[in-house]
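*Asks:* First the structure, then my questions, so here it is.
The values are calculated or read from the model by the stated rules, or taken from the named source; none is laboratory data. These numbers were taken from a predicted model, which means no experiment stands behind them. Cβ placement follows ideal geometry from the backbone for every residue including glycine, while neighbour counts extend to all protein chains displayed. The protein model used for the area step is the full one, side chains on, heavy atoms only, and it has no ligands, DNA or RNA in it. Shrake-Rupley method; radii C 1.70, N 1.55, O 1.52, S 1.80 Å.
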Amino acid sequence: MKIVVISPNAHHLEEIGRVLRGSGHQPVPLEGGKSKLREAAERERPDLILVEGMCRDPNELAQVEAVTSQFPHTAVMLLCSSTSPEFLINSMRAGVREVLPSPVPPAALQAAVERVAHKQRAGQPAAPGRVLAFIGAKGGSGATFLATSLASQLAETRSVLLIDLNLQFGDALSFVHDGSAPTTLADVAREIARLDASFLAASCVKIAPNFSILAAPEDPAQAMEVTPEHVDAIVALAATQYDFVLLDLGRQIDNQTVKALDRAHTVFIVMQTSLPAVRNAKKLLAVFRSLGYGPDKAALIVNRYEKGGAIGVSDIERALGPHTIHTVPNSYRQVTAAINQGEPLAASARGNPVSRNLAEFARGLAPQPDDEPGLLRRLLGRA
């Protein structure tokens, strides 16, 4: 579950986060007071909010009641060093699920969180997350860079998992992280009988509070252990746990790739403005038609686009037909520097034109509640 923890005590935040991560949950720590409650509910849309430090004034419970009324799928628990019977009664009336002691013993915290998880599993299933696949029309198109960068941007407001399905030569993790993955997709496939939400979360590398990566196998030989059925099961489960699941695909259209494409809501073909890229994109679109995909399933991203080049957007439209086309400007030096440093471009160059472009792209895919629906949302959005 995604769990926001609000506390003025940094040590408590660290300890609670450690316990929650150990149980396979996604803690989002917020150091501060109860005033952050509504903001956290609106921005993070968590399954559970733990709030420490609002246990004396009954009038403060109005904030809780406002959150539980507006966000009925978000449970609220309070952490209190001391309470009165009257406060406990009023808190339950306000919609508080439980009141736990502060500091909270790990066993008590785990048990309470599991009770919330069990109740949510027993209720109506949550709407599945959106699955977006990225495939390069040609080697060096920048599909992995765009997938990891867009994942990083989406994770600012949504929960995101990127699955590296370039099974033999995947290196998506290195684009945003300077370490290695202790567990990879091949390890999950080997233990597929254990697959559940906690096992999946524990097998991923945490890049940011809302952004995780399930890395490709380190040894290309291990790719042989990953079957189409493994891919299907992992992507299907991920879509129930994350708002967005991004799939970084290799260029080979094999049975594993087809299973991933079947699960995708939108497949982004990443290309550059070259004749070989246009030809390969046309071949990919023909493959998609042969698989029975509708024309709305595929969209095009033209990477390193420069106005006035030999091949323009109108030329691509004439060659490939009417498809949604998103262009990403050329910023070769800064993009390459970010990749070499193993960090998202937005972390080192938020003002870069590519960073701004992808931030706007992410807002189109995951608009804020008060945003007006943009063109991209109208074209690609799904209920």
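*Asks:* Among the residues of segment 107-121, is any in contact with a helix residue (DSSP H, G or I) (Cβ under 9 Å, 6 or more places away or on another chain), open to solvent by less than 50 Å² (accessible area, probe 1.4 Å) and not in a helix (DSSP H, G or I)?
*Replies:* no
*Asks:* Now for a different question. Got a sec? Which of Leu365, Leu376, Leu380 is at pLDDT below 85 and in contact with a Phe, Trp or Tyr (Cβ under 8 Å, 6 or more places away or on another chain)? It would help to see each step written out before you state the result.
*Replies:* Values: Leu365 fails: at pLDDT below 85; Leu380 fails: in contact with a Phe, Trp or Tyr (Cβ under 8 Å, 6 or more places away or on another chain).
Exactly one residue qualifies, and that residue is Leu376.
*Asks:* Consider Pro276 against the criteria (1) in a helix (DSSP H, G or I); (2) surrounded by 15 or more Cβ atoms within 10 Å (Cβ to Cβ): it satisfies all of them except one. Which criterion is unmet?
*Replies:* Single failed check for Pro276: (2).
*Asks:* Ok, one more. So which residues in segment 304-320 are out of contact with any strand residue (DSSP E or B) (no Cβ under 6 Å at 6 or more places or on another chain) and buried (at least 18 other Cβ atoms within 10 Å of the Cβ), if there are any at all?
*Replies:* Scanning segment 304-320 gives Arg304, Ile316, Leu320.
*Asks:* How about segment 227-250: which of its residues are under 26 Å from Ser141 (Cα atoms) and either among the small types (Gly, Ala, Ser) or surrounded by 23 or more Cβ atoms within 10 Å (Cβ to Cβ) (or both)?
*Replies:* Val231, Phe244, Val245, Leu246, Leu247, Asp248, Leu249, Gly250
*Asks:* List pairs: first in segment 20-39 and part of a helix (DSSP H, G or I), second of a type outside the set (Val, Ile, Thr) and open to solvent by less than 60 Å² (accessible area, probe 1.4 Å), Cβ under 7 Å, 6+ apart or cross-chain?
*Replies:* Between residues of segment 20-39 that are part of a helix (DSSP H, G or I) and residues that are of a type outside the set (Val, Ile, Thr) and open to solvent by less than 60 Å² (accessible area, probe 1.4 Å), the close pairs are Leu20/Pro27; Arg21/Pro27; Lys34/Gly53; Lys34/Met54; Lys34/Glu60; Lys36/Leu30; Arg38/Ala66.
*Asks:* Can you tell me which residue within segment 133-143, out of those that are touching a strand residue (DSSP E or B) at 6+ places or on another chain (Cβ under 9 Å) and surrounded by fewer than 24 Cβ atoms within 10 Å (Cβ to Cβ), is nearest to Ala197 (Cα to Cα)?
*Replies:* If we take residues in segment 133-143 being touching a strand residue (DSSP E or B) at 6+ places or on another chain (Cβ under 9 Å) and surrounded by fewer than 24 Cβ atoms within 10 Å (Cβ to Cβ), then Gly142 is nearest to Ala197 (Cα to Cα).
*Asks:* If you go through segment 321-368 one residue at a time, how many are among the aromatic types (Phe, Trp, Tyr) and surrounded by fewer than 18 Cβ atoms within 10 Å (Cβ to Cβ)?
*Replies:* Counting residues in segment 321-368 that are among the aromatic types (Phe, Trp, Tyr) and surrounded by fewer than 18 Cβ atoms within 10 Å (Cβ to Cβ) gives 1.
*Asks:* Give the residue, chosen from Val99, Val104, that is among the hydrophobic types (A, V, I, L, M, F, W, C) and part of a loop (DSSP other than H, G, I, E, B).
*Replies:* Answer to the check: Val104.
*Asks:* Give all pairs with beta carbons closer than 6 Å in which a residue from segment 251-265 that is open to solvent by less than 100 Å² (accessible area, probe 1.4 Å) meets a residue that is among the charged types (D, E, K, R); count only pairs at least 6 apart in sequence or on separate chains.
*Replies:* Note: pairs meeting the criteria are Lys259/Asp232; His265/Arg130; His265/Arg382.
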